[in-house]
Amino acid sequence: MAGARTSPDPVDGDDAPPPARSAPEHRSPQTSDAVPDAARRDAVFQVRGVTKVYRMGEVRVEALRGVDLALYAGELAVLLGPSGSGKSTLLNILGGLDTPTAGQVRYAGRDLAAASDRELTRYRRRHVGFVFQFYNLIPSLTARENVAVVTEIARDPMPPAEALDLVGLGARLDHFPAQLSGGEQQRVAIARAVAKRPDVLLCDEPTGALDSATGIVVLEVLERVNRELGTTTAVITHNAGIAQMADRVIVLADGRIAEVRRNAIRVAPRELSW
Ligand SMILES: Nc1ncnc2c1ncn2[C@@H]1O[C@H](COP(=O)(O)OP(=O)(O)OP(=O)(O)O)[C@@H](O)[C@H]1O
Ligand SMILES: [Mg+2]
């Protein structure tokens, strides 16, 4: 199928190398506190001067007011900020679900802001896994079938059972969403997002609907995916305690980046002060 495409694709042509992943051997538990040097060099995303204005009739909302940001290969970044500060807008733009009003969003060197809808669809399908607060599983399909919906159209997917094993649900393959807890459903959603081996995993309040004990299990799964697969991961949360598990913490306020800080050590989800 790849050979059938002939036109150059500004976002996602075959000549576009996937962004480098961090080497998992450099992220052993002893050293997972530091972003590998390679990750510092390789920006997966380069965001420059991004604004987003929503217009609804007379009402004009400036959701993003000039965002400059890089996300690096293999890092786990946590995005914090008050409600309405632009976190979801930024994540949706990174994931090709939305486009900026102005500015550049370079993914592996290509500008998503200039991409067509068709190119963005292909970009999302190939490179991005999404996890949202609500799991959006198909109720009439089992856990395995929910994951297969995605792997059937992916280029080099994991078998659904392997993805579900990665999130600790290898024994629940044939269970329907209604037979799973909220945390387990979210882990199925994560398995679905990672089974196509995305380069980036974008999570918008993945623990927002969960109690703390269940949320920690979900965060452990995200941490494991980031560490073992080297998937560049961004997690939006309202819970400042979660920021301790990140390589870097990005704080938005009023549509701008208010602060970026690097954690000296990455705290394991189980050790977080929630
Ligand atoms: N589709 C839209 N149409 C109009 N305004 C929008 C739209 N999406 C977001 N906004 C506005 O843009 C601003 C930023 O919204 P965004 O959803 O990015 O915030 P957020 O930081 O994710 O907030 P929360 O923590 O509540 O999810 C808000 O004022 C919001 O009302
Ligand atoms: Mg939001």
### Summary
If you go through LEU97, LEU90, LEU120, LEU79, the only one that is buried (at least 19 other Cβ atoms within 10 Å of the Cβ) and outside any helix (DSSP H, G or I) is LEU79
### Query
Which of the following residues is farther than 29 Å from VAL50 by Cβ and buried (at least 19 other Cβ atoms within 10 Å of the Cβ): LEU141, LEU137, LEU202, LEU173?
LEU137
#### Entry: Within region 242-269, tally of residues that are small (Gly, Ala, Ser) and either at pLDDT below 95 or within 16 Å of ligand 1 (Cβ to nearest atom) (or both)
4
### Query
Quick one: is VAL260 farther than 26 Å from GLN185 by Cβ, in contact with a strand residue (DSSP E or B) (Cβ under 9 Å, 6 or more places away or on another chain) and not charged (D, E, K, R)?
yes
#### Entry: Complete set of residues in region 66-116 that are more than 14 Å from ligand 1 (Cβ to nearest atom), among the hydroxyl-bearing types (Ser, Thr, Tyr), touching a strand residue (DSSP E or B) at 6+ places or on another chain (Cβ under 9 Å) and more than 13 Å from LEU202 (Cβ to Cβ)
TYR72
### Query
Which one of these is farther than 26 Å from GLY84 by Cβ and over 15 Å from the mean Cα position of the chain (by Cα): VAL267, VAL194?
VAL267
### Query
Here are some conditions: (1) under 15 Å from the mean Cα position of the chain (by Cα); (2) hydrophobic (A, V, I, L, M, F, W, C); (3) modelled with pLDDT under 95. LEU272 meets all but one. Which one does it not meet?
(1)
#### Entry: Subset of region 153-188 [closer than 23 Å to THR232 by Cα and outside any helix (DSSP H, G or I)]
ILE153, ALA154, ARG155, ASP156, PRO157, MET158, PRO159, VAL167, GLY168, LEU169
#### Entry: Positions within region 63-77 being within 12 Å of LEU90 (Cα to Cα) and within 16 Å of ligand 2 (Cβ to nearest atom), in sequence order
ALA63, LEU64, VAL67
### Task
Scan region 100-117 for residues that are surrounded by fewer than 16 Cβ atoms within 10 Å (Cβ to Cβ), outside any loop (DSSP other than H, G, I, E, B) and not aliphatic (A, V, I, L, M) and jot them down.
GLN104, ASP111, ASP117
### Query
If you check THR214 against the conditions, is it surrounded by fewer than 23 Cβ atoms within 10 Å (Cβ to Cβ) and of a type in the set (Ser, Thr, Tyr)?
yes
### Index of the failed condition, SER85 passing every other in (1) surrounded by fewer than 22 Cβ atoms within 10 Å (Cβ to Cβ); (2) in contact (Cβ under 8 Å) with a residue 24 or more places away in the chain; (3) touching a helix residue (DSSP H, G or I) at 6+ places or on another chain (Cβ under 9 Å); (4) not in a helix (DSSP H, G or I)
(3)
## Note on the structure
Those residues of region 221-256 that are among the β-branched types (Val, Ile, Thr) and in a strand (DSSP E or B) come to a total of 7
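The values are calculated or read from the model by the stated rules, or taken from the named source; none is laboratory data. On a predicted model such as this, the values are computed, not experimentally measured, just so you know. We place every Cβ from the backbone using ideal geometry, glycine too, and count neighbours over all the protein chains shown.
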